[in-house]
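Take a look at the structure below.
The values are calculated or read from the model by the stated rules, or taken from the named source; none is laboratory data. All values reported here derive from a predicted model rather than from experimental measurement. Neighbour counts run over all protein chains shown; Cβ positions are idealised from the backbone, glycine included.
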Amino acid sequence: MEKEKVDELKALLSQPKKTVIIPHRNPDGDAIGSTLALQQYLQQCGHDAVVVAPNDFPDFLKWIPGVEEMILFSTETEKAKQLIADAELIFTLDFNHFSRTGNDMEAVLNQTDSTYVMIDHHQAPADYAAYTYSDTSISSTCQMIYHFLEMMDATDKITKDIATCLYVGIMTDTGSFRFASTTSTTHRVIADLIDKGAKNSDIHQQVYDTNSTNRMQLLGVALNNMKVLSELKTAYITLSQEELDTNNFKKGDTEGFVNYSLSIKGIVFAAIFIENKQDQIIKISLRSKGNFDVNQFARDHFNGGGHINAAGGKSDLSLNETITSFESTIKNYKNELEDAQE
Ligand code: 5GP
Ligand code: MN
């Protein structure tokens, strides 16, 4: 964000404001961590700050400091609408198109005339925000919130709870600091968050070591369903609604499954296709290594988007039809996949 804009925003925030902070639909660790961290900072500065999430999220994120104050648009719609209508400033975090909040909330956001601030690290930002801090090179929105606090000269306001929130999002979005987006700056930010009280080992355990037996058994089904197309350096997993039901699927249970396909030697492109009978869609997650651009692939074929190495989208076809179409589509990418570096 340009210096002028930073100064403008600083001036705006020098007086108490009514603010709402919004993560994307099906919020992940980065979305929840960044919104809660920003809320706690704004509250310390004397602002009214409420996080309004489009819908619910997995249990492994429900311990994060401040999470109990969060309002869900899906279940507390009238209250959420009122907060949005009354807000002078609306921060949208970890997404850059209103459509990422779902149809109902998108309509509400389109109607308000409050001032928007976008902080996000995805490609192709929309232009709804008066203040846009968008940088696709940064590992996570949580790391951007840290840099935002630096811009506000406010890193001294990072409490143990804020440090914990930010640590969660940086950890989850970087695959525990192993993805290419992890830089020396990421590690310097993390070091400071630990100095400010984030308990790194505890946080890791709270997020990753609270598996249910059902989730582990569903992982077994997923791995058993994995199909490897060696000549295309591709591996994909399918999960039908019936398989989810049999294993008592709960939100978040399939998080990270797609990475198992990518961990196979020689594979550069991984996908998971998950049937959702209620929404009548197949939800798709895509991952890649090196320069194979899954963001573009998701945009071109599955009405989605994301980052070069991690993206998602959906299909309105049946699970079988989606797979048939996927298999025939990727044949057109044979050269790119062959050239992609592991
Ligand atoms: P995941 O596969 O973990 O759900 O998402 C990976 C990345 O792709 C995230 O950065 C997420 O924001 C993005 N993404 C996932 N699904 C969609 C989608 O349906 N549309 C768009 N535009 N991005 C998505
Ligand atoms: Mn993110």
field: Selected residue (criterion: farthest from GLN206 (Cα to Cα)) from residues of the range 161-184 that are away from ligand 2 (no atom under 16 Å from the Cβ) and without any contact (Cβ under 8 Å) to a residue 40 or more places away in the chain
entry: SER184
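A quick yes/no check of all residues on (1) within 16 Å of ligand 2 (Cβ to nearest atom); (2) in the same structural domain as SER137 (by TED's automatic domain parsing); (3) among the acidic types (Asp, Glu); (4) more than 20 Å from THR174 (Cα to Cα):
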| residue | (1), (2), (3), (4) |
| --- | --- |
| SER288 | no, no, no, no |
| ASP293 | no, no, yes, no |
| HIS307 | yes, no, no, no |
| ALA310 | yes, no, no, no |
| SER315 | no, no, no, yes |
| LEU319 | no, no, no, yes |
| THR324 | no, no, no, yes |
query: Does VAL258 satisfy being of a type in the set (A, V, I, L, M, F, W, C), closer than 26 Å to THR213 by Cα and within 16 Å of ligand 2 (Cβ to nearest atom)?
result: yes
- prompt: In this structure, is TYR146 within 16 Å of ligand 2 (Cβ to nearest atom) and of a type in the set (Phe, Trp, Tyr)?
  reply: yes
- prompt: Could we say that ALA124 is over 23 Å from SER14 (Cα atoms), within 16 Å of ligand 2 (Cβ to nearest atom) and either touching a Cys at 6+ places or on another chain (Cβ under 8 Å) or among the small types (Gly, Ala, Ser) (or both) here?
  reply: yes
- prompt: Do we have ILE32 as modelled with pLDDT of 95 or more, within 14 Å of ligand 2 (Cβ to nearest atom) and not small (Gly, Ala, Ser) here?
  reply: yes
- prompt: Looking at the range 97-114, which of the residues that are of a type in the set (Ser, Thr, Tyr) and part of a helix (DSSP H, G or I) is surrounded by the most Cβ atoms within 10 Å (Cβ to Cβ)?
  reply: THR101
- prompt: Does LEU89 satisfy the criteria of being out of contact with any Leu (no Cβ under 6 Å at 6 or more places or on another chain) and either modelled with pLDDT under 95 or within 16 Å of ligand 1 (Cβ to nearest atom) (or both)?
  reply: no
task: Identify all residues within the range 99-116 that are away from ligand 1 (no atom under 16 Å from the Cβ) and touching a helix residue (DSSP H, G or I) at 6+ places or on another chain (Cβ under 7 Å); write none if there are none.
output: VAL108, ASN110, THR112
task: Would you mind stating whether THR75 is surrounded by fewer than 16 Cβ atoms within 10 Å (Cβ to Cβ) and β-branched (Val, Ile, Thr)?
output: yes
- request: Look through the range 16-65, keep the residues that are of a type in the set (Phe, Trp, Tyr) and assigned to a helix (DSSP H, G or I), and return whichever of them is nearest to ligand 1 (Cβ to nearest atom).
  value: PHE60
message: Among the numbered criteria (1) under 24 Å from LEU166 (Cβ atoms); (2) among the hydrophobic types (A, V, I, L, M, F, W, C); (3) within 15 Å of the chain's Cα centre (by Cα), which one does PHE98 miss?
response: (1)
query: For the range 127-238, which fully contained helices (runs of 4 or more DSSP H) count at least 1 residues that are under 27 Å from GLN39 (Cβ atoms)?
result: 141-151, 160-173, 184-195, 200-208
- request: Would you be able to tell me the number of residues in the range 20-51 that are surrounded by fewer than 24 Cβ atoms within 10 Å (Cβ to Cβ), over 16 Å from the mean Cα position of the chain (by Cα) and in contact (Cβ under 8 Å) with a residue 60 or more places away in the chain?
  value: 4
message: If the requirement is being buried (at least 18 other Cβ atoms within 10 Å of the Cβ) and in contact (Cβ under 8 Å) with a residue 24 or more places away in the chain, which of these qualifies: ASP86, ASP59, ASP94?
response: ASP94
ALA222 vs. criteria touching a Lys or Arg at 6+ places or on another chain (Cβ under 9 Å) and hydrophobic (A, V, I, L, M, F, W, C): no
query: Considering only residues of the range 130-143 that are surrounded by fewer than 24 Cβ atoms within 10 Å (Cβ to Cβ) and hydrophobic (A, V, I, L, M, F, W, C), which is farthest from PHE91 (Cα to Cα)?
result: ILE138
message: Quick check on the range 118-129. Is at least one of its residues away from ligand 1 (no atom under 16 Å from the Cβ), farther than 20 Å from GLN44 by Cβ and surrounded by 15 or more Cβ atoms within 10 Å (Cβ to Cβ)?
response: yes
statement: Of the residues in the range 298-336, those that are closer than 19 Å to LEU244 by Cβ and either away from ligand 1 (no atom under 16 Å from the Cβ) or in contact with a Leu (Cβ under 6 Å, 6 or more places away or on another chain) (or both) come to SER318, LEU319, ASN320, GLU321, ILE323
